[in-house]
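Every read-out reported here was derived from the displayed coordinates using simple, explicitly stated rules and does not represent laboratory data. Worth saying up front: this structure is predicted, and the values here are computed from it rather than measured. Positions of Cβ are backbone-derived with ideal geometry, glycine not excepted, and every protein chain shown enters the neighbour counts.
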Amino acid sequence: MSQAGHAQNAAGAGEPNGEARGRWARTGLVTRIALSALTVAIGLAIVFAVLFLAIVSLRQRSLDAKHSQEVIATANGLQTLVIDLETGARGFAITRDERYLDPWNVAAALYPREIAALLELTKDNRVQHDRALAIKNDIQTYFSDYSVPLVDFLRRNPDKAKDVVRATRGRAQVERIRGRFERFLKTETALSERRDDRAQRTTRNSLLVGGIGLGTALLLILIGAVYVNRAVARPVRLTADAASRIAGGDLSERLDTQGPGEVGQLERTFNTMADSLERTVADLEERNRTLVESEQVKSELVSNVSHELRTPLASVLGFSSLMLDRDLPPEETKRYLEVIRTEARRLASLLNDLLDLQRVEQETLELRSEDVDLNDLLATQVTLYSAQSHGHTLQFSPSGESLLVRGDRDRLAQVIGNLLSNAIKYSPEGGTVEVTTTLIGDEAWIWVRDEGLGIPTDHQEQIFTKFFRGDVGRELGIAGTGLGLVLARQIVEAHGGEIGFESEAGRGSTFWLHLPASPLPGDVDGREPSLAARHDSETRHGV
C-alpha cells in the first residue's frame with residue numbers, strides 16, 4: 001500500500017496521466033471489482049459471440065455442403081431416368097416386349113418431378129440454374145420429339161425395329177444430355193468441395209478463437225484474484241493483526257491509510273476507532289478520578305445534610321420536649337412554637353431541594369406556564385427577604401415598564417429567593433444587596449449584587465456543581481447544601497434563559513439572569529432600549 005501511495009504521489013507530480021491515476025486511486029473497491037468483473041464478462045461475451053458466429057457459420061457451411069450433395073443426388077437421379085428412357089425404348093425396339101417399357105414408363109412419370117426439384121435446388125446459383133434449364137429443355141425435347149414418337153412408331157410398325165436400332169439419332173441426343181449432366185455435376189462437385197473446405201477452416205478458426213478466449217478469461221480471473229488478495233485480503237489481515245495488538249493493550253497501533261476505496265475507508269475508520277478508544281480509555285480514567293472526587297463530595301453532602309438536619313431536629317425535639325414537660329406561659333409557648341415552625345421549614349426546604357434535584361436528574365421537573373411580571377415577583381421576594389436580616393439593606397430598582405415573561409411563578413420565585421438568600425448569607429458583615437431589572441431587546445434581565453465575601457477564582461468553575469459549597473462557607477459555618485444554584489440554573493434554562501455571575505474574592509458578587517420577554521399589548525415588535533441606556537444599566541450592575 002505504501003508503494004501505491006508513492007506511485008500516486010509521483011503520478012500527481014506532473015505526469016500527463018497523473019490526474020487519471022488520481023481518479024483511479026479514489027475509485028471505490030466495489031467499483032474496481034465491478035469493473036474487473038465487467039471486463040471479464042465482456043471478454044467472455046466476446047468469446048462466446050465469436051464462437052456463436054463460428055457455429056452459425058459452420059452450420060451454414062454444412063447446410064451449403066448438404067445442399068450441394070442434394071443437388072448432385074438429384075442430378076444423378078435425373079440422369080438415371082434419362083438413361084432409363086433411352087434403354088427402355090431401345091430394349092423394346094430390340095425385343096418388341098412391352099415389359100422392357102416398364103423402366104421407360106417409370107422414368108416418363110418421374111422425370112418432370114425430378115427436373116422441377118433440380119431447378120428448385122439451383123435457384124441460389126444462377127450458372128447452375130441455367131444449366132439445369134438447358135438439361136430440362138434437352139430432356140423435354142428428347143422425350144417429346146423422339147422417345148414418345150419412337151415408342152408409338154414401334155408399336156404400330158414392329159417390323160421397322162431393326163432400322164430404329166441402327167439409327168443413332170436418339171443415342172446422340174442422350175450423349176449430349178449426359179455431357180450437360182457431366183459439366184453440371186463437375187461444377188457442383190467443385191462447389192461442394194469448396195464449401196467443405198470453408199466449413200473445415202471455420203471449425204479450426206472457431207476452436208482457435210475459443211481456446212484463446214478461454215485462456216484470456218482464465219488469465220483475467222487469475223489477475224482479479226491476485227488483485228483482490230492484494231487490495232482486500234492483505235489489508236484485512238493487517239487490520240486483524242492491529243486489532244489483536246490493540247486488544248492486547250497497545251492503543252497506539254495505527255494503520256497505513258493508502259488502501260483503495262473502501263479498504264482505505266476501513267483503515268481510516270480503524271484509526272478513528274483506535275483514536276476514539278484511546279480517548280475513551282483516557283476519559284474513563286478521568287471519570288474514575290471524578291468518581292473518587294464525587295464520592296468525597298457525597299461524603300461532604302452527607303456531612304452537610306446531617307449537620308443541616310441535626311440542628312433543626314435538635315431544636316424541634318428540644319423545644320417540643322420543654323413544651324411537653326413544663327407548664328409554660330402562653331407567650332413562651334408561642335415563642336417555642338415559632339422556633340419549631342422555623343426549623344421545620346428549614347427541614348422542608350432541604351427536602352424540597354433534594355426532591356427537585358432528583359426531578360431534574362430524571363427530567364420530570366414540571367413547569368406551569370403563565371404570564372409573570374418579574375417586577376412584581378421581585379418586589380415580593382425583596383420584601384420577604386428584607387425581614388430575614390436586620391444587618392442587610394435590600395434595594396430594588398425595577399425597570400420603568402412591565403417586565404412580563406412566560407413561565408412558572410413559583411419556580412422563578414425559588415430562583416430569586418436562592419439568589420437573595422445567598423447574597424445575604426455570604427455577606428456576614430451586612431451591607432447592601434441591590435436588585436435591578438431592565439428590558440434589553442426581547443430579553444428580561446435581572447441583576448442581584450452584594451458586597452459580601454465574593455467567590456475565589458479557583459472556585460468559580462464549580463459554583464454550579466452539585467453539592468459544591470466552597471471552603472469559605474464551611475469555615476464560617478454558613479448553612480447550605482450546595483444545591484440551590486444547581487436548581488436555579490436548571491430552572492432558568494428550562495425557561496429558555498441563562499444565568500451567570502461576576503465575582504471577585506473579598507469584593508462581592510453580581511449574579512445575573514435573563515429570560516425571553518413576552519410582548520406587551522400594543523408594543524411594537526423589536527423594541528429595544530437605546531445603546532446608552534443599556535450601557536449605563538450594565539455598567540451600574542457590573543456586567
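Could you state the principal axis extents of the C-alpha atoms in the range 179-231, from the largest down, to the nearest angstrom?
Extents along the principal axes: 77, 8, 5 Å.
Arranged from highest to lowest average of other beta-carbon atoms within 10 Å per residue, in what order do the peptides 485-496, 179-190 appear?
Values: 485-496: 19.7, 179-190: 15.9.
Ranking the peptides 485-496, 179-190 by packing returns 485-496, 179-190.
Based on the inverse mean of 1/r over its pairs of different Cα atoms, what is the Kirkwood hydrodynamic radius of the range 365-414, in Å?
Mean inverse Cα-Cα distance, inverted, gives 12.1 Å.
What full-extension length gain, to one decimal in nm, is calculated for ARG245 and ILE46 as 0.36 nm per residue of separation minus the Cα-Cα distance? List each step's numbers first, then the result.
Values: separation 199, 0.36 × 199 = 71.64 nm, distance 4.89 nm.
So the extension gain works out to 66.8 nm.
Residue separation times 0.36 nm, minus the C-alpha to C-alpha distance between GLU370 and ASP130: what's the value? Please list the in-between numbers first.
On the way: separation 240, 0.36 × 240 = 86.40 nm, distance 11.44 nm.
So the extension gain works out to 75.0 nm.
How far, in nm, would the chain grow between THR432 and GLU278 when pulled straight, counting 0.36 nm per residue and subtracting the alpha carbon separation? Could the numbers behind the result be given before it?
Values: separation 154, 0.36 × 154 = 55.44 nm, distance 5.25 nm.
Computed gain between THR432 and GLU278 is 50.2 nm.
Using a Förster radius of 60 Å, what is the FRET efficiency between ASP145 and GLN200 based on their Cβ-Cβ separation? Nearest 0.05, please.
Values: r = 46 Å, r/R0 = 0.77.
E(calc), rounded to 0.05, equals 0.80.
Say a paramagnetic label sat at a point 7 Å from the Cα of ALA379, along Cα to Cβ; which residues of the range 418-446 have their backbone N under 17 Å from it?
Of the residues in the range 418-446, 435-439 have backbone N under 17 Å from the label point off ALA379.
First measure r as the distance between the Cβ atoms of THR465 and SER321, then evaluate 1/(1 + (r/R0)^6) with R0 = 51 Å and state the FRET efficiency to the nearest 0.05. The partial results should precede the final answer.
Values: r = 39 Å, r/R0 = 0.77.
Plugging the Cβ-Cβ distance into 1/(1 + (r/R0)^6) gives 0.85.
Rounded to the nearest 0.05, what FRET efficiency do SER389 and VAL236 give with R0 = 56 Å and r taken as the Cβ-Cβ distance? Could you check? Can you show the working numbers first?
Details: r = 74 Å, r/R0 = 1.32.
The pair SER389/VAL236 has a calculated efficiency of 0.15.
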